[in-house]
1. Tell me which aspartates and glutamates have Cα within less than 18 Å of Lys38's Cα, excluding those fewer than 8 residues away on the same chain?
2. Using modelled backbone amide H atoms (1.01 Å from N, in-plane), which distant-in-sequence or interchain residues come within less than 5 Å of Ala22's amide H?
3. Where does each of 101-109, 16-24 land if you order them by average Cβ count within 10 Å, highest first?
4. Where in the chain are the DSSP H helices whose alpha-carbon span along the long axis reaches 30 Å or more and whose Kyte-Doolittle mean is at least 0.0?
5. Can you compute the charge dipole magnitude of segment 13-135 about its Cα centre, using +1 on each Lys and Arg Cβ and -1 on each Asp and Glu Cβ, nothing else charged? Give it in debye, rounded to the nearest 20.
6. Modelling each spin label as a point 7 Å along the Cα-to-Cβ direction, I'd like the Gln49/Asn30 distance in nm, to one decimal.
7. Below 13 angstrom from the Cβ of Cys58, what's the summed charge of the other residues (Lys, Arg +1; Asp, Glu -1)?
8. Amide H of Arg14 versus every other amide H placed in the peptide plane: which residues, excluding those fewer than 5 positions away on the same chain, fall under 5 Å?
Amino acid sequence: MYSEKVMDHFANPRNVGEVPNANAIGEVGNAKCGDIMKVYMRIEDNIIQEVGFKTFGCGAAIATSSISTEMVKGKTIEEALQLSNRAVTEALDGLPQDKIHCSVLAESAIRSAIGDYYKRQGIDPEPILGCAKDCGGGCHHH
């Protein structure tokens, strides 16, 4: 059912935990399945120097969190924004169809952290990232 890479990242997740002095924090969740992912980054000179995560969820959620943090560590913000759920799924040698939403959450958590970084820099992230739909309907009608 799961690839060896999924099992490896589940059993031996990389980059687990909060990042000291994080200047980018993103959290996403899926009420339907109960998975919650929180990503912490320390970004300096446009480069993701450190990245960590805390995930509450199934094995696929942990594996996608682990591999996605590996995929963006050391990258520029622009490179990290190119990360897609498809790339996460492919890096894990596939996921069962009913677990694809975990790769979507991983992509969203990375983007959420970068959006937080932009806000902390006084930059409106919406023109860059699009609407995160996390305003509770306060700024738009969702």
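Derivation of every value follows stated rules applied to the coordinates shown; laboratory data play no part. All figures in this text were calculated on a predicted structure; none of them were measured in a lab. Here the Cβ positions follow ideal geometry from the backbone for every residue, glycine too, while neighbour counts run over all protein chains shown.
1. Hits, sequence-local ones excluded: Glu18, Glu27, Glu50, Glu70, Glu107, Asp116, Asp134.
2. HN-HN under 5 Å from Ala22: empty list.
3. The packing order, highest mean first, is 101-109, 16-24.
4. 100-120
5. The dipole of segment 13-135 has a size of about 240 debye.
6. With each label placed 7 Å out from Cα toward Cβ, I get 3.4 nm.
7. Here the charged neighbours net out to 0.
8. Sorted by chain and number, the residues that satisfy this come to none at all.
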